[in-house]
Amino acid sequence: MTQFKKWQIKKSRTFNDSIAGYEWLCMDVGTENMKARYVNTGLRFDEPSYIAEDYEKNRVYFGEEAKALVDKTNENIIIKRPVRDGNIADPQALERILIRIFDHFKISKATKKKLIVIMATPSDINPVQRAALESIVTKLGASRGFVQEEVKMSALGAGQDIFGTSIMSVDMGGGSTDIAVISKDSILHSTSSYCAGDYLTEKIREHILRTKAVHIGLKETEELKKAIASLVPGPNEQPYRVSGLLIPKDSAKSGEVLAISKTIYVTPEEIREVMQREFREHIIPAIRKVLRISTEKALGSVADLKKLGKGITISGGGAYIRGIDKFIQDELSKEYHLEAYDEHGNIVSDEVYEGDEFEVRCSAEPLYDVINGCVKYRDEIYREILEEKKFNLFRKSKSSIYRLR
């Protein structure tokens with residue numbers, strides 16, 4: 001009886017802990033930017049996910065300084081991006097950025113003992129990479145690390161109810177576009193496409209090189225994309241002026257006057273054609289696939305998605321592409337073909353599907369949806385921690401009772 005009373009006292013002390021008794025650090029491990037928020041103090045961190053190592057001068061550059069060196073360095077400077085195409089490409093570089101984040105918030109050793117880190121990552125990372133991420137933060141002194149899917153956190157941060165019936169989230173970042181149908185805090189089905197910010201930038205570069213024989217830099221292409229890229233026509237569209245390296249054509253004659261650089265004008269119409277082609281080839285089929293498989297798993301999911309206030313929410317940098325919501329809504333309403341091929345590449349079936357009407361909207365703060373979602377998700381993580389404590393206390397009490405016998 002005495003042993004039981006001691007356990008009861010210990011139990012009451014343990015479960016009196018509140019969510020405010022922990023330190024909370026939320027992170028958006030993005031391809032283009034690394035965002036973090038120290039919830040207890042309100043401090044924030046937001047830098048490009050770039051590292052530049054200068055082996056000649058033995059210097060390391062982070063964030064904006066490193067990104068500014070892209071396409072402007074010699075062989076002595078190596079640019080590293082820890083996350084590429086929705087995967088952790090360089091764990092060592094990622095660990096260095098995480099160390100920088102911990103140093104930025106000046107987290108003491110005593111504080112780290114009760115520090116919980118919530119990390120949102122692209123859906124494509126595998127269990128080994130998840131375990132590696134959790135291991136890195138515990139190695140840096142944090143009490144626990146939890147990894148969540150960016151697409152789920154972005155839906156929660158955008159104001160969608162991920163704990164209710166079905167909603168769809170499209171999170172278009174720099175390295176990947178994650179698409180998922182979420183219901184009752186679980187993902188019914190999701191997929192990831194490499195058609196995202198970096199991919200679209202590269203396709204625009206290829207188009208300009210192919211049609212105008214001018215090779216422009218990555219940063220210049222990104223600025224062009226932000227200025228004139230769209231999916232539907234808009235008012236007062238103007239050509240964009242950009243300069244790059246002139247690539248001599250094979251038909252150039254001997255003695256012909258050539259230039260090293262050339263300034264050209266790129267029209268919004270031609271960039272729109274590139275964007276629409278890539279969206280029709282990659283994004284729209286991916287959304288249809290997720291909708292189809294989710295319906296097979298849960299018949300009521302599509303009916304829920306069609307309810308007022310549900311539908312599809314677009315987050316991430318892709319939400320800033322002009323007309324993306326209207327374009328996706330119009331494309332999904334169109335009739336489409338679904339072809340099946342055999343092992344030799346021959347068509348074995350060609351089914352025709354009707355289009356569907358969905359409410360499609362862009363988030364109000366698309367770049368901060370993921371980090372906001374992580375902050376909101378603390379309650380669920382706290383419940384998980386309490387459940388683990390209950391289980392561990394029960395197991396200890398059971399073993400102590402056996403010892404008494």
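Observations on the model:
- Filter pass, G145 being within 13 Å of the chain's Cα centre (by Cα), closer than 30 Å to I107 by Cα and surrounded by 22 or more Cβ atoms within 10 Å (Cβ to Cβ): no
- Looking across the range 30-60 at every residue that is farther than 30 Å from G373 by Cβ and either touching a Ser or Thr at 6+ places or on another chain (Cβ under 8 Å) or hydroxyl-bearing (S, T, Y) (or both), the one that is modelled with the highest pLDDT is identified as A52.
- On inspection, I293 passes the criterion of being out of contact with any Gly (no Cβ under 8 Å at 6 or more places or on another chain) and assigned to a helix (DSSP H, G or I).
- Scanning the range 296-321 for residues that are outside any loop (DSSP other than H, G, I, E, B) and either surrounded by fewer than 19 Cβ atoms within 10 Å (Cβ to Cβ) or assigned by TED's automatic domain parsing to the domain that holds A227 (or both) turns up E296, K297, V302, A303, D304, Y320.
- Candidate set: the range 99-125, residues that are touching a residue at least 24 places away in the same chain (Cβ under 8 Å) and in a loop (DSSP other than H, G, I, E, B); chosen: the one surrounded by the fewest Cβ atoms within 10 Å (Cβ to Cβ): K113
- Put simply, of K152, K184, K226 the only residue that is farther than 30 Å from I118 by Cα and either out of contact with any strand residue (DSSP E or B) (no Cβ under 7 Å at 6 or more places or on another chain) or not hydrophobic (A, V, I, L, M, F, W, C) (or both) is K226.
- Every condition in (1) modelled with pLDDT of 90 or more; (2) touching a Lys or Arg at 6+ places or on another chain (Cβ under 7 Å); (3) aliphatic (A, V, I, L, M) is met by A319 except one, and the failing one is (2).
- Residues of the range 329-358 satisfying the condition of being aliphatic (A, V, I, L, M) and out of contact with any Ser or Thr (no Cβ under 9 Å at 6 or more places or on another chain): L332, I347, V348, V352
- Residue among Y353, Y336 that alone is at pLDDT below 85 and in contact with a Gly (Cβ under 9 Å, 6 or more places away or on another chain): Y336
- Residue, nearest to N236 (Cα to Cα), within the range 267-287, restricted to residues that are buried (at least 16 other Cβ atoms within 10 Å of the Cβ) and in contact with a Pro (Cβ under 8 Å, 6 or more places away or on another chain): P268
- For the range 111-126, the set of residues classified as under 17 Å from V151 (Cα atoms) and out of contact with any Leu (no Cβ under 9 Å at 6 or more places or on another chain) consists of A120, P122, S123, D124, N126, listed by residue number.
- Taking the range 322-352 as the range and being within 30 Å of the chain's Cα centre (by Cα), outside any helix (DSSP H, G or I) and surrounded by 10 or more Cβ atoms within 10 Å (Cβ to Cβ) as the test, the residues that pass are R322, G323, S333, K334, Y336, L338.
- Cβ-Cβ under 9 Å pairs, at least 6 apart or on other chains, the range 269-294 side under 19 Å from V360 (Cα atoms), far side part of a helix (DSSP H, G or I) and polar (S, T, N, Q): L291/S301; S294/S301
- Answer residue from the range 159-173, given it is of a type in the set (G, A, S) and surrounded by 15 or more Cβ atoms within 10 Å (Cβ to Cβ) and is farthest from G317 (Cα to Cα) among those: S166
- Only a single item in (1) aromatic (F, W, Y); (2) under 18 Å from E281 (Cα atoms); (3) over 12 Å from the mean Cα position of the chain (by Cα) is not met by Y194, and it is number (3).
- Residue that is modelled with the highest pLDDT, among those in the range 74-89 that are exposed (fewer than 15 other Cβ atoms within 10 Å of the Cβ) and touching a strand residue (DSSP E or B) at 6+ places or on another chain (Cβ under 9 Å): I78
The values are calculated or read from the model by the stated rules, or taken from the named source; none is laboratory data. These numbers come from a predicted model, not from an experiment. Quick reminder, even Gly has a Cβ in these numbers, built from the backbone with ideal geometry, and neighbours come from all protein chains shown.
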